[in-house]
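Everything below concerns the one structure shown next.
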Amino acid sequence: MRAALKSIILLSLFSSFTSFAATPSMNQDHFCNDRKDPTFVKELTRDSSNLMGFRNFGGIGGAGVCWWHSRFQRNALYLTIFQPDAVKPTEEEARIIIKKIRKGKEIVQVPGYNNLQEFSTDFLILLQSELESWQLSDGAKFAWIRGLKGNSVVTPEKMQMMMDELYQEVETQGNIAYQKLQIKGITAHAWLVVSMTKEENGYLLEVIDSNYPRMTMFYQYEVGDTHLVHEYYGVFTPYLEETKEMAKISMIIKESCNPQMLSKR
């Protein structure tokens, strides 16, 4: 069985510089019109300027904050409006903006910046502090137990079932999916799945990995595989998680762009 997964970095880099890449919404009208197109947010990921300006690092024991880096990235892609002509925020104002994006409960305006890369680079220390605070908060709720759940190797049948379920979330539902990557032992990483292409004998996954946050990369799954393999992570199995968080994001967008929905509650 061909176990190794190939990352097609050249394709990813090319897509990051295409002149047809989507640009962030600049006001509420743009925001709602942009999101009428189910592919808009996914297109944002194909321009590196719309992605986090720094990779996963820090965290408890220096093991990183990959889960929270990925979730913040997804919130920012779906729920932000960038206003480059406005005055840049103060440090305290930036702290509030970062917290709002983290919480994912509303549309967030980011004044003075063109995109997430610029904002997250300027406020790296504040943002990293928020990600580590988020990690500690989830740890107090024993969310770390999720890192113990699941096997790094599963049966071919289970793997195919999980990949088919992922395809439904990513392509049928049109969402960017969050996956926990269960590595051997108690280690667990995470990535976001942007798109999936059906192939004759499996799927091609397009992902954002917080360890390589400036591009999307591609990974191959073939029917019969019992796991995936990464050059650095080794053997692992990806598990679909945080689907309720994605559903909440979708509802926030619907309510923000259709205020009559709130009056009917």
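The values are calculated or read from the model by the stated rules, or taken from the named source; none is laboratory data. Note that the structure is predicted; figures quoted are calculated from it, not measured. Here the Cβ positions follow ideal geometry from the backbone for every residue, glycine too, while neighbour counts run over all protein chains shown. When the accessible area is computed, the model is the full protein with side chains, heavy atoms only, and any ligands, DNA or RNA have been set aside. Shrake-Rupley method; radii C 1.70, N 1.55, O 1.52, S 1.80 Å.
Return a whole-number percent for the relative contact order of the stretch 155-195, with Cα pairs under 8 Å and 6 or more residues apart as the contact set.
For the stretch 155-195, the relative contact order is 31 percent.
Carbon and sulfur together cover what percent of the accessible area of the stretch 65-175 at a 1.4 Å probe radius?
Accessible surface attributable to carbon and sulfur in the stretch 65-175 totals 52 percent.
For the stretch 193-231 and the stretch 100-117, what is the centre-to-centre distance using only Cα atoms, to the nearest Å?
Taking the Cα centre of the stretch 100-117 as reference, the centre of the stretch 193-231 is 28 Å away.
Using amide H atoms built 1.01 Å from N in the peptide plane, name the residues 5+ places from VAL110, or on other chains, whose amide H lies under 5 Å from its own.
ILE81, PHE82, GLN83
What nm value, rounded to one decimal, do you get for the distance between GLU93 and GLU200 when each label is placed 7 Å out toward the C-beta?
The modelled label-to-label distance comes out at 5.7 nm.
How high is the relative contact order of the chain? Use alpha-carbon pairs under 8 Å, at least six apart in sequence, and give a whole percent.
Relative contact order of the chain: 24 percent.
For the stretch 43-48, in order, what is each residue's ³J(HN,Hα) by Karplus, 6.51 cos²θ - 1.76 cosθ + 1.60 with θ = phi - 60°, in whole Hz (x at glycine and Pro)?
5, 4, 5, 8, 10, 4
Quick check: net charge around GLY234, other residues with Cβ under 15 Å of its Cβ, Lys/Arg +1 and Asp/Glu -1?
-2
Check the cysteines of the chain one by one and keep only those with no other cysteine Cβ under 4.7 Å from their own.
If one checks each Cβ against the other cysteines of the chain, CYS66 turn up with nothing under 4.7 Å.
Going 7 Å from the Cα of THR155 in the Cα-to-Cβ direction, what parts of the stretch 217-243 have a backbone nitrogen less than 19 Å from that spot?
Backbone N within reach: 222-228, 237-240.
Net charge near SER49, counting Lys/Arg +1 and Asp/Glu -1 over other residues with Cβ under 15 Å of its Cβ?
Taking every Cβ under 15 Å from that of SER49, the sum is -2.
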